[in-house]
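Encoded as structure tokens, the structure appears first; notes follow it.
The values are calculated or read from the model by the stated rules, or taken from the named source; none is laboratory data. Just so it is clear, the structure is predicted and the values come from calculations on it, not from any experiment. Heads up, the Cβs are rebuilt from the backbone with ideal geometry, glycines too, and the neighbour counts pull from every protein chain shown. Accessible surface areas use protein heavy atoms only, side chains included; no ligands, DNA or RNA. Shrake-Rupley method; radii C 1.70, N 1.55, O 1.52, S 1.80 Å.
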Amino acid sequence: MPRKMVKEMSNQEKLLEIKNLKQHFKVGKSTVKAVDGLTFDIKKGETFGLVGESGCGKSTTGRTIIRLYDATDGEVIFKGEDVHGKKSAKDLKKFNRKMQMIFQDPYASLNPRMTVADIIAEGIDIHNLAESKQARMDKVHELLETVGLNKEHANRYPHEFSGGQRQRIGIARALAVDPEFIIADEPISALDVSIQAQVVNLMKKLQREKGLTYLFIAHDLSMVKYISDRIGVMYRGQIVELAESEELYRNPLHSYTQSLLSAIPLPDPEYERSRQRMVYDPEKNLPENGEERILREVSDGHWVACTEEEYNKLKKTVTV
Ligand SMILES: Nc1ncnc2c1ncn2[C@@H]1O[C@H](COP(=O)(O)OP(=O)(O)O)[C@@H](O)[C@H]1O
Ligand SMILES: [Mg+2]
């Protein structure tokens, strides 16, 4: 990509601004700091990948952004408006339409007693988006086709579908209210590898056609590169590295990112056998003076959690 285009991308309009977001859960007498000070932007029309191992706080981040939970601290700004500051039911409803969520488990997230038509039309009903029964059904049929299913599927029940098809139904349900922003929480993790690419391709196609913005959550780095423009790597409630996808894969700077990359299986069996897996040990290489590692911009758009001294060293290695 020419330098200029990269610059232009970084000047793109911010759709979402997340500032020092925290979500702490009280469990008995202790506190789980599931999300502990996240700051990042998502630009209009991009896919922002959020990656990290199970339990690092990805789903909690998504749920807090979409306001399934009230934040413990911090701000979520959507198109310049503070999401969590909204109070009136009317405002909340208007806002709910713009943000939708797709879930990991297409089995658990679809009500087994509802027909596909009723599942997809849920948002249409809540927001009164259809003037008549016929208009509602037309919209359902159109959505089914948009996601690669067909009209005949409308009156069936979720158990009659495969995992990939159910995820398509989940996508149709999210699209029904014409959202601008979709949080996809590990939408392909529960699917067969052969089906994963199909669902990712469908999401990419929909993004192009509808100008959607995605937060795409994943627990490993294998598929995310393919869909994400930028990626944030999350570890224990914080972002440890953030960069454009290409850059992150080519030049991972944080040892946790390096360990995630070393865990991606490669197609060459011989090389694969001889390959070293890296295991990240957070107790290793702790800063001697107890200094906290904070996110710093080492090169254009490439952020790494590091100490001041590490930052100065990294800056030297990345200058061209
Ligand atoms: N509602 C909750 N109450 C208490 N702890 C929670 C709750 N939801 C998540 N957690 C804890 O917060 C941490 C992050 O969870 P989660 O966001 O689901 O991680 P991920 O999606 O990355 O696997 C975990 O330790 C989890 O047990
Ligand atoms: Mg999760």
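The figures follow:
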item	result
Relative packing of peptides 166-172, 103-109 - highest average C-beta neighbours within 10 Å first	166-172, 103-109
Lys/Arg +1, Asp/Glu -1 at C-beta; the chain dipole; positive extreme among Leu295, Pro282, Met101	Met101
Solvent-free Debye scattering, log10 I(q)/I(0), computed from the Cα coordinates of the stretch 34-162 at q = 0.14, 0.20 Å⁻¹	-0.84, -1.25
Derived scalar couplings ³J(HN,Hα) [the stretch 61-74; Karplus, 6.51 cos²θ - 1.76 cosθ + 1.60; whole Hz; x for Gly, Pro]	4, x, 5, 6, 4, 7, 6, 5, 10, 6, 6, 6, 7, x
Cross-link pairs beyond the 22 Å C-alpha cut-off, checked among Lys44/Lys204; Lys90/Lys205; Lys33/Lys93	Lys90/Lys205; Lys33/Lys93
Solvent exposure, largest accessible area first (probe 1.4 Å, DNA, RNA and ligands not counted), of Tyr280, Tyr256	Tyr280, Tyr256
Residues with amide H under 5 Å from that of Gly49, placed H, sequence gap 5 or more	Phe216, Asp229, Arg230, Ile231, Gly232
Computed Rg/Rh of the stretch 18-94, alpha carbon atoms with Kirkwood Rh	0.99
For the chain, size of Cβ-based charge dipole, Lys and Arg +1, Asp and Glu -1, in debye	660 debye
The chain - mean residue ellipticity at 222 nm from DSSP helices (-39,500 (n - 2.57) per run, n ≥ 4, rounded to 500)	-10000 deg cm²/dmol
Mean separation of Cα contacts under 8 Å, 6 or more apart, over the residue count of the chain: relative contact order %	19 percent
Top of Glu13, Glu283, Glu142 by mean-square fluctuation, Gaussian network on the chain, Cα under 10 Å	Glu283
Rounded percent of accessible protein surface that carbon and sulfur make up, the chain, 1.4 Å probe	48 percent
Accessible solvent surface per residue of the chain, calculated while the other protein chains remain in place, 1.4 angstrom probe, Å²	53 Å²
Listed residue (Gly74, Ser228, Val193) projecting farthest to the positive dipole end of the stretch 3-251, Cβ model	Gly74
Protection proxy ranking of 121-132, 297-308 - average other beta-carbon atoms within 10 Å, highest first	297-308, 121-132
Radius, Kirkwood style, for the stretch 3-251 when every pair of distinct Cα atoms is counted (Å)	18.8 Å
Inter-label distance, nm, simple model (7 Å from Cα along the C-beta direction), Leu92/Gln258	4.7 nm
Accessible-area value, Val240, 1.4 Å probe, nucleic acids and ligands omitted, Å²	10 Å²
Among Leu266, Thr213, Tyr249 the positive-end extreme of the charge dipole of the stretch 211-294 (Cβ point charges)	Leu266
Rg(Cα)/(2.2 N^0.38 Å) for the stretch 118-258, N = residue count	1.20
